[in-house]
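Since every read-out is calculated from the coordinates, none of them should be taken as a lab result. Source: prediction; values computed, not measured. For neighbour counting, all protein chains shown are included, and Cβ atoms are generated from backbone atoms with ideal geometry for every residue, glycine included.
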Amino acid sequence: MANDASAVFDTLSPAVSKGSLADPFTPPADSALWRKNFLLGAATASYQIEGAVDEDGRLPSIWDTFSAKPGKVLAGDTGAVACDHYHRWEADIEMLASLGLEGYRLSIAWPRVMDAAGVPNRKGLDFYKRLLNRLKEKGITTFVTLYHWDLPQHLEDRGGWLNRDTAYRFADYADLMSRELAGTVDAWATLNEPWCSAYLGYGNGHHAPGLANDRFATQAMHHLLLAHGLAVPVLRVNDPASQKGIVANIGRGTPNSDSAADQRAAHLFEVQHNAWILDPLLKGAYPQDLFELWPGTEPLVLDGDMETISAPLDFLGINYYFRTNVASDGAHGFRDVPLEGVERTQMGWEVYPDGLRDLLTGFKKTYHNLPPIYITENGMASDDQVTDGHVDDTQRISFLKRHLAAVDQAIKAGVDIRGYFLWSLMDNFEWAFGYERRFGVVHVDYSTQKRTVKRSAELVAKFLKERKARA
Ligand code: IFM
């Protein structure tokens with residue numbers, strides 16, 4: 001983790017670098033974040049930053065198809081150019097390193113690296129090799145996600161995640177990538193947020209491929225988890241020194257009242273958001289309450305599938321953003337009851353750091369085999385503007401400080417949390433919300449591709465520099 005953070009200090013707002021501004025980020029002296037081995041990094045994903053969708057043999061993905069359909073993405077935005085990272089990756093890594101960030105979580109675009117017959121695409125593979133080699137040279141710990149939602153369109157044309165065969169194709173893809181990239185990856189995550197792929201993609205249609213059927217969602221989830229389970233042993237054989245895991249987004253559901261019905265609604269919310277993924281992975285079974293919520297949607301599960309899915313993990317990645325206040329819908333489920341007067345982000349999501357702590361401590365009680373945890377995403381969107389060359393993202397600074405305090409509290413309560421990745425390194429294509437929602441700690445001007453380090457990133461860099469100096 002030997003980054004030279006000095007470069008960014010040449011670009012810091014003068015008041016921050018001289019220490020004349022109160023520092024609203026630095027964690028208290030007793031925080032676990034001061035531990036040198038607590039990894040602090042930033043995350044991105046291929047379709048959200050790379051652009052270059054038609055270059056060097058990359059095939060179409062479901063997000064190319066989906067975003068081209070009118071009305072699916074805000075303002076008709078697509079990932080065709082995004083942050084142009086495919087061409088600007090060297091400068092982006094310099095920027096990451098100059099901030100002193102110790103870890104980088106990226107994803108690989110499946111349609112860039114193999115064709116429909118499974119033949120490797122050398123140009124696509126070389127892009128990731130160059131990228132990962134440079135990260136290693138910089139001493140940055142690499143977390144690589146194999147699937148962050150950009151399924152090759154040719155697989156969707158054969159049923160996508162509704163087709164069991166996609167899970168086997170994913171294992172082939174994992175095999176290729178881990179043979180090609182072994183030694184440059186510190187940690188492999190098979191999937192990012194299977195909840196989003198299954199529910200938003202096949203359950204309510206807000207994401208690609210845009211299908212809306214609860215039964216589809218449960219079957220897609222099963223095949224996603226099976227894909228994960230089939231890939232893990234392949235990764236273990238090809239790249240034994242790396243860690244293997246999966247990344248789940250988790251949601252806090254709180255009851256709108258003390259009534260038994262609302263308490264049950266909050267429980268079902270968390271079953272649908274958390275247990276649907278974590279129970280099969282960590283208990284080898286789907287939570288039966290899920291099928292109370294969605295009667296008759298049990299997926300087709302073949303003998304041995306649950307054993308495959310629940311093989312031990314080296315780490316669990318957790319992505320957390322907000323909580324949802326819910327009430328009973330009067331039937332089997334829950335309905336959102338948005339609270340008034342609470343702090344929200346540009347996404348309209350409530351800022352609720354306690355939810356992260358409470359979920360993590362709850363998982364430790366529920367899952368006796370809970371693997372070590374990395375917070376693989378946490379952050380917020382705000383309508384950031386560049387003024388005189390600076391972006392003063394005050395709400396984000398406070399958001400990050402409070403969520404890192406929640407992580408510290410969970411660590412002190414005994415949860416084994418080893419690192420935290422900011423979402424995101426830079427503003428990017430926020431799926432159905434296009435480029436309007438800015439999650440980065442670095443601002444991107446999409447008309448010029450100019451990157452401007454936001455004040456939040458300056459303060460993270462300042463903290464990391466201090467921590468390094470003390471080590
Ligand atoms: O931008 C996404 C990311 O791709 C997955 N997790 C949530 C982020 C914010 O919505």
Anisotropy class of the range 112-242 from Cα gyration tensor, a/c 1.5 cut: prolate
Compactness of the range 37-147 as Cα Rg over 2.2 N^0.38 Å, two decimals: 1.13
Kirkwood hydrodynamic radius of the chain, Cα pairs, Å: 22.5 Å
In Å, descending, principal axis extents of the Cα set of the range 290-343: 48, 32, 9
Shape of the range 306-392, Cα gyration tensor, a/c cut at 1.5: oblate
Shape metrics for the range 63-118, restricted to C-alpha atoms - Rg then Dmax, Å: 15.2, 41
Ranked packing of 97-108, 413-424, 114-125, most packed first, by mean Cβ within 10 Å: 97-108, 413-424, 114-125
Protection proxy ranking, peptides 302-315, 78-91, average beta carbon neighbours within 10 Å, highest first: 78-91, 302-315
Charge dipole magnitude, Cβ of K and R +1, D and E -1 - the chain, Cα centre, debye nearest 20: 1180 debye
Whole-number D in µm²/s for the range 34-76 (Stokes-Einstein; Kirkwood sum over Cα pairs; 10 °C, 1.306 mPa s): 119 µm²/s
Contour minus Cα-Cα distance for Ala91 and Lys364 (0.36 nm per residue): 94.3 nm
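Could you order peptides 231-239, 290-298, 326-334 by the average number of other Cβ atoms within 10 Å of their residues, highest first?
Highest-to-lowest ranking by the protection proxy: 231-239, 326-334, 290-298.
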Percentage of interatomic Cα-Cα distances in the range 374-471 larger than 20 Å: 42 percent
Global form of the range 253-354, assessed from the alpha-carbon gyration tensor, a/c cut-off 1.5: oblate
Candidate lysines for bridging to Lys468, where Cα separation is under 18 Å - those fewer than 8 sequence places away on the same chain excluded: Lys36, Lys138
